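Q: Got a structure for you, written out below as structure tokens; questions coming shortly.
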Amino acid sequence: MCAKLLHEVREEVTDFLSNLIRINTTNPPGNETAAAKYVAKNLEKDDFKCELFESAPGRGSVVTRLKGSGKKPSLLLLSHLDVVAANPKEWSEEPFGGVVKDGFIWGRGALDMKGMTAIEVMALKLLKRNNVKLKGDVILAATADEEKGGDAGAGWLVKNHLDKVKADYVLNEGGGMAISANGNMVYTVQTAEKGIYWFRVRAKGKPGHGSVPGGADNAIMRMNKVVDRLGNYRAKIMLIPTVKQYLTQMAEADKQLRPYLAQILQNPEEADEQLDKLAQRDNYLAEEIRARLRMTATPTMIHGGVKENIIPSECEAVFDCRVLPGHSPSQAMNEIKALLRDVGLDKLEFETIQANDPSESSLKTPLYELIVKVMKEFEPTCSVAPVMLTGGTDSRFFRNIGNACYGFHPVRPETSYSEMQKTIHGIDERISIENLVLGTSILNNIIERFMT
Ligand SMILES: [Zn+2]
């Protein structure tokens, strides 16, 4: 990109993001229609035709399309417009003020993920302004409701307006932030995510007087066993292709990590031993890797008892279980029930709250390979590694219908990777203007080369 264009892009993309942050789309309630209208109005300045879809009043998503000749596969630029709540008292700047200060744009959504909406909109406009002859359609969808599961946003669009958003390839959030591996930058591409399985367990017992513990069957004591068993469970380790490749690349890039990661790759069953050692140096990284190797079931809510002196006959707890690609929530349930057999399955009731399948896209597609190539051109010393998120994104809706989805929002960390990650859903979320311009240039380059 030439200097003049870069300067224009810098101002335009900064303004766009700052304005978008100012539209408070905290979900719940979401109120994304206001943001969707803003995106549409902005695109219409460049003569894009936009369509607004509402799954419910106020829950808007916006879609637009740049037509190609049809000789190449199509590409969807996906983002979500909703954000999680932010408490202004905890922040250094107003979280919905769109403050531009010291080279940063501050606010909830700057990284997750209005920043990527801004980059995608800018990249799309540049394709049009530069009159690029596309061989495939490039679609942009900025959607509602991702932070509450996406059923009123991307999931709803896939279900009700598939023709508007269907594409062979999808670029979305979930990867792109570089990890500094002993000084070498490793850019991640999200190629997989765990499945979500939220369930409730109700432990049953017999009530009695609190002063005679042996005379009753205490449901809290039963639940205590369930919580202990599941919370401390270390399920079988499985190395899915994404994680195997991630560990390989990280070991290559980082001399200090290499001994631990090489051991894990060689002897996956003994990974915990290596991770315990690694945790003493870098707890965040070690626990992140541990969660990527197996199914987990974490107790997150518990409730039991009604009065100080009544032994409770009922206690319920909620578990946040995350399932690896290749496994299903129902397989996880069977595994969990087998684990609780001696606690008394006849006195435990299970109820599914939410179940989403895990998903993984191939590392051997032309788009994945191009992302790696372009990154090496932008930053010759960097490497690119696929990554699996332990959380979920809207990519799963598109992987479920057979699209190849990649989470890639290129960001060079100004502080450390973990410090930046903590601002997402945390305090003082912000993105540098440098990173917005970098992201626009990289995305523009990838899209143009992929589609021509
Ligand atoms: Zn997000």
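Just so you know, all these numbers are worked out from the coordinates, no wet-lab data involved. Because the structure is predicted, anything quoted here is derived from the model rather than measured. As a convention, Cβ positions derive from the backbone with ideal geometry for all residues, glycine included, and neighbour counts pool all protein chains shown.
Q: Please order ILE21, ILE237 by the number of other Cβ within 10 Å, starting at the fewest.
A: ILE237, ILE21
Q: Modelled label-to-label distance, LEU339 and LYS71, 7 Å Cα→beta-carbon offset: nm?
A: 5.4 nm
Q: What's the extension gain from LYS307 to MET238 if we count 0.36 nm per residue and subtract their Cα-Cα distance?
A: 20.4 nm
Q: Fewest first, what order do PHE48, PHE16, PHE350 take by the number of other Cβ atoms within 10 Å?
A: If I rank by nearby Cβ atoms, fewest first, I get PHE350, PHE48, PHE16.
Q: In which sequence would SER395, SER74, SER211 go, from the one with the fewest C-beta neighbours within 10 Å to the one with the most?
A: By the 10 Å Cβ count, ascending: SER211, SER74, SER395.
Q: Can you pull a Stokes-Einstein diffusion coefficient for segment 49-192 at 37 °C (0.692 mPa s), Rh from Kirkwood over Cα pairs, as a whole number of µm²/s?
A: Stokes-Einstein gives a translational diffusion coefficient of 194 µm²/s.
Q: What is the spin-label model distance, in nm, from GLU434 to GLU94 if the labels are put 7 Å beyond Cα along the C-beta direction?
A: 2.8 nm
Q: So, in nm, how far is label LYS422 from label THR390 when the simple model puts each one 7 Å beyond its Cα toward the Cβ?
A: About 1.6 nm, to one decimal.
Q: Taking only DSSP H segments of four or more residues, each worth -39500 (n - 2.57), what value at 222 nm results for the chain once the sum is divided by all its residues, to the nearest 500 deg cm²/dmol?
A: -11500 deg cm²/dmol
Q: Could you list the residues of segment 341-357 with an amide nitrogen less than 11 Å from a label point located 7 Å from the Cα of LYS225 in the Cα-to-C-beta direction?
A: Answer for segment 341-357: 341-348.
Q: If you don't mind, another one. In terms of the Cα gyration tensor, with a ≥ b ≥ c the square roots of its eigenvalues, is segment 4-74 rounded because a/c is under 1.5, prolate because a/b exceeds b/c, or oblate?
A: Note, shape of segment 4-74 comes out oblate.
Q: Out of the DSSP beta bridges found with both residues in the chain, what percent are antiparallel (nearest 5)?
A: 70 percent
Q: Can you give the extra length, in nm with one decimal, that the chain gains between VAL318 and GLU11 once fully stretched, where that is 0.36 nm per residue apart less the Cα-Cα distance?
A: Working it through step by step, the gained length comes to 105.8 nm.
Q: Report, ordered by chain and residue number, the lysines lying within cross-link reach of LYS255, taken as a straight Cα distance under 29 Å and ignoring same-chain residues fewer than 8 apart.
A: LYS194, LYS236, LYS244, LYS277, LYS364, LYS373, LYS376, LYS422
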